[in-house]
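The values are calculated or read from the model by the stated rules, or taken from the named source; none is laboratory data. All values reported here derive from a predicted model rather than from experimental measurement. Please note: Cβ atoms are built from the backbone with ideal geometry, for glycine as well, and neighbour counts cover all protein chains shown. Heads up: the accessible areas ignore ligands, DNA and RNA and are worked out on the full protein's heavy atoms, side chains in. Shrake-Rupley method; radii C 1.70, N 1.55, O 1.52, S 1.80 Å.
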Amino acid sequence: MTMNTRDEALARDAADPLAPLRAQFALSPDTIYLDGNSLGVPPAAAAQRAQVVIAAEWGEGLIRSWNTAGWFALAKRLGNKLAPLIGAAHNELVVTDSISVNLFKVLSAALRLQQRRDPKRRVIVAERGDFPNDLYIAQGLVAQSNGAYELRLIDDPAELSAALQPDTAVAMITHVNYRSGYMHDMAALTQLIHQKGALAIWGLAHSAGAVPVDLNGVGADGAVGCTYKYLNGGPGAPAFVWVPHRHQGAFEQPLSGWWGHRAPLAMSPLFEPDDGIGRFLCGTQPIVSMALVECGLDVFLQTDMRAIRDKSLALTDLFIELVEARCDEFPLRVVTPREHAQRGSQVSVAHPHGYEVMQALIARGVIGDYREPQVMRFGFTPLYTRHVDVWDAVETLHDVLVKETWRAPEFAIRASVT
Ligand SMILES: *Cc1c(COP(=O)(O)O)cnc(C)c1O
């Protein structure tokens, strides 16, 4: 399986069924981009779409475009386009707001439902190693409840069962960990959470468009995810929130804005939620940004998550294998699991000077990122990443380590976003 020459990488690209999709992205030719897990590359169609939205829909259509350009329906229409990627049904998700806001909405709704069923259920279980933002949102929700709710953190997935007590309302779990790239068994954990009487809310930030997800298949109770990572929706593009049909009537979210009203323009002083997923909308959406999300989704329509997963595993396997073969004399440690079932679409590599090494790589056009402590993250986006990119990235890493170019003082200067 080991690859010995760059030509072998090129041969794999020549045989890759997804290779033609790369042309649909506006990639800079002198960059090897391994950070699609943080911000995806623009689809080539996005620049033109932005032009149409700004000049024609906004400029000429003006206020009429809420109807004529379908702006008002966009949150649901995009949700339905995204649905097949995550095993969701029609009208079960909306593209709207940020992950943070959506998590607040869906966690609140799940807690309220559980409190109605059984007031003893008041605890949110989550992982301490989760992306801290999601814990911050849970902390805010707990603080606002004046002691009614509580957050219980676990340090290892093996502790989940014990943490799910008769007082537990919700388990909030991110499917693929942002730092390590570890992927949970969503089906098994959802089953366990349900056995213990809790609801399962999944975070899909590093899953949507990266790995196959089957929300309805596993019977999850809610999910959130973003569109600017593997879905290539653009910086700060709206996120999504999913609630299965069976919960939609019973999930009441607290940000009861007019977009979530059953008749937003009836101007009734009384809030009455939409019957369906529309109740998870809040206020007016950033249409210019949201419109571009569709360009990313349109690329996914030309393939499927099985093909994407096959290539993702081929790329991450190759990266791990080459890092170990080429860089074994250096203090590198692959943090991401070898087992396919436990690996998302990124490889995290720890190095005592990970920050500096990553800056040196970026200076050479190999773009990944860094997360404290020590971890260099390399994300693999099968729609546009080639096997030869993996080869060249590892050769560059080897060169940076051999020549110790990372020791240059400029690489130790911390930028505000790492
Ligand atoms: C990227 C990411 C977020 C981002 O949340 P925003 O509200 O979009 O800033 C949240 N949670 C996880 C797990 C993430 O990976």
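In region 151-188, what residues are away from the ligand (no atom under 16 Å from the Cβ), touching a helix residue (DSSP H, G or I) at 6+ places or on another chain (Cβ under 9 Å) and either outside the structural domain of residue 122 (by the TED database) or not hydrophobic (A, V, I, L, M, F, W, C) (or both)?
The answer is 152, 161, 168, 185.
Out of all the residues in region 114-135, which are more than 16 Å from the ligand (Cβ to nearest atom) and open to solvent by 10 Å² or more (accessible area, probe 1.4 Å)?
Hits for region 114-135 are 115, 116, 117, 118, 119, 120, 121, 122.
Is there any pair with a first residue in region 35-61 that is closer than 13 Å to residue 368 by Cα and a second that is within 16 Å of the ligand (Cβ to nearest atom) and of a type in the set (Val, Ile, Thr) whose Cβ atoms are under 6 Å apart and which are 6 or more apart or on different chains, and what are they?
Listed pairs, sorted by first residue: 36/381.
If a residue has to be open to solvent by 10 Å² or more (accessible area, probe 1.4 Å), out of contact with any Phe, Trp or Tyr (no Cβ under 8 Å at 6 or more places or on another chain) and not in a loop (DSSP other than H, G, I, E, B) to count, how many in region 136-153 make the cut?
The initial filter retains those residues of region 136-153 that are open to solvent by 10 Å² or more (accessible area, probe 1.4 Å), namely 136-137, 139-140, 142-153.
Filter once more, so that each one left must be out of contact with any Phe, Trp or Tyr (no Cβ under 8 Å at 6 or more places or on another chain): 136, 139, 143-153.
Subset that is not in a loop (DSSP other than H, G, I, E, B): 136, 139, 143-144, 150-153.
So the answer is 8.
Could you tell me which numbered condition residue 24 fails, if it satisfies all but one of (1) touching a Pro at 6+ places or on another chain (Cβ under 8 Å); (2) polar (S, T, N, Q); (3) over 12 Å from residue 384 (Cα atoms)?
(3)
Please verify whether residue 329 is over 20 Å from residue 108 (Cα atoms), open to solvent by 70 Å² or more (accessible area, probe 1.4 Å), assigned to a helix (DSSP H, G or I) and in the same structural domain as residue 374 (by the TED database), treating the condition exactly as stated. Reasoning before the result, please.
Values: over 20 Å from residue 108 (Cα atoms): yes; open to solvent by 70 Å² or more (accessible area, probe 1.4 Å): yes; assigned to a helix (DSSP H, G or I): no; in the same structural domain as residue 374 (by the TED database): yes.
Here the answer is no, as residue 329 does not meet what is asked.
Give the number of residues within region 80-105 that are open to solvent by 10 Å² or more (accessible area, probe 1.4 Å), closer than 16 Å to residue 247 by Cβ and either within 15 Å of the ligand (Cβ to nearest atom) or out of contact with any strand residue (DSSP E or B) (no Cβ under 8 Å at 6 or more places or on another chain) (or both). Quick ask: steps written out before the conclusion?
Here is the first cut: in region 80-105, the residues open to solvent by 10 Å² or more (accessible area, probe 1.4 Å) are 80-81, 84-85, 87-91, 97-101, 104.
Pick out the ones that are also closer than 16 Å to residue 247 by Cβ and you get 87-91.
Going one step further and asking which of them are either within 15 Å of the ligand (Cβ to nearest atom) or out of contact with any strand residue (DSSP E or B) (no Cβ under 8 Å at 6 or more places or on another chain) (or both), we end up with 87, 89-91.
Count: 4.
Here are some residues: 141, 113. Which one is of a type in the set (A, V, I, L, M, F, W, C), farther than 19 Å from residue 239 by Cβ and more than 21 Å from the chain's Cα centre (by Cα)? Lay out the reasoning, then the answer.
Working: 141 fails: farther than 19 Å from residue 239 by Cβ.
Sole residue among the options that is of a type in the set (A, V, I, L, M, F, W, C), farther than 19 Å from residue 239 by Cβ and more than 21 Å from the chain's Cα centre (by Cα): 113.
Quick check on this structure: which one of 336, 316 is crowded, with 21+ Cβ neighbours inside 10 Å and assigned to a loop (DSSP other than H, G, I, E, B)?
Working: 316 fails: assigned to a loop (DSSP other than H, G, I, E, B).
Sole residue among the options that is crowded, with 21+ Cβ neighbours inside 10 Å and assigned to a loop (DSSP other than H, G, I, E, B): 336.
With the requirement that a residue be within 19 Å of residue 381 (Cβ to Cβ) and hydrophobic (A, V, I, L, M, F, W, C), what does region 229-266 give you? Write out each step before concluding.
First pass over region 229-266, keeping only residues within 19 Å of residue 381 (Cβ to Cβ): 229-237, 239-240.
Selection gives 231, 237, 239, 240.
Output the number of the condition that residue 218 fails; it satisfies all remaining conditions of (1) within 11 Å of the ligand (Cβ to nearest atom); (2) open to solvent by 10 Å² or more (accessible area, probe 1.4 Å).
Here residue 218 clears every test but (1).
Residue-by-condition table, conditions (1) among the acidic types (Asp, Glu); (2) surrounded by fewer than 19 Cβ atoms within 10 Å (Cβ to Cβ); (3) under 15 Å from residue 299 (Cα atoms):
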{"site": "3", "(1), (2), (3)": "no, yes, no"}
{"site": "7", "(1), (2), (3)": "yes, yes, no"}
{"site": "12", "(1), (2), (3)": "no, no, no"}
{"site": "15", "(1), (2), (3)": "no, yes, no"}
{"site": "32", "(1), (2), (3)": "no, no, no"}
{"site": "35", "(1), (2), (3)": "yes, no, no"}
{"site": "42", "(1), (2), (3)": "no, no, yes"}
{"site": "53", "(1), (2), (3)": "no, no, no"}
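Quick test of your reading of the structure: residue 154 fulfils all but one of (1) modelled with pLDDT under 95; (2) touching a strand residue (DSSP E or B) at 6+ places or on another chain (Cβ under 7 Å). Name the failing condition by number.
(1)
Cβ-Cβ distance below 6 Å, separation of 6 or more or different chains: which pairs start in region 90-119 with a residue that is free of Cβ contacts under 8 Å to residues at least 12 places away in the same chain and in the same structural domain as residue 259 (by the TED database) and end on one that is away from the ligand (no atom under 15 Å from the Cβ) and open to solvent by 10 Å² or more (accessible area, probe 1.4 Å)?
Hits for this filter: 90/80.
Go through region 18-30 and report how many residues are in contact with a Gly (Cβ under 9 Å, 6 or more places away or on another chain) and either open to solvent by 60 Å² or more (accessible area, probe 1.4 Å) or closer than 22 Å to residue 226 by Cα (or both). Let's see the steps before the verdict.
First, pick out the residues of region 18-30 that are in contact with a Gly (Cβ under 9 Å, 6 or more places away or on another chain): 25, 28, 30.
From what's left, either open to solvent by 60 Å² or more (accessible area, probe 1.4 Å) or closer than 22 Å to residue 226 by Cα (or both): 25, 30.
Number satisfying all stated conditions: 2.
Taking region 189-208 as the search range and keeping residues that are part of a loop (DSSP other than H, G, I, E, B) and away from the ligand (no atom under 11 Å from the Cβ), which one is farthest from residue 341 (Cα to Cα)?
Of all residues in region 189-208, those part of a loop (DSSP other than H, G, I, E, B) come to 196-198, 204-208.
Okay, now just the ones that are also away from the ligand (no atom under 11 Å from the Cβ), so 196-198.
Values: 196: 24, 197: 26, 198: 24 Å.
Among residues in region 189-208 that are part of a loop (DSSP other than H, G, I, E, B) and away from the ligand (no atom under 11 Å from the Cβ), the one farthest from residue 341 (Cα to Cα) is 197.
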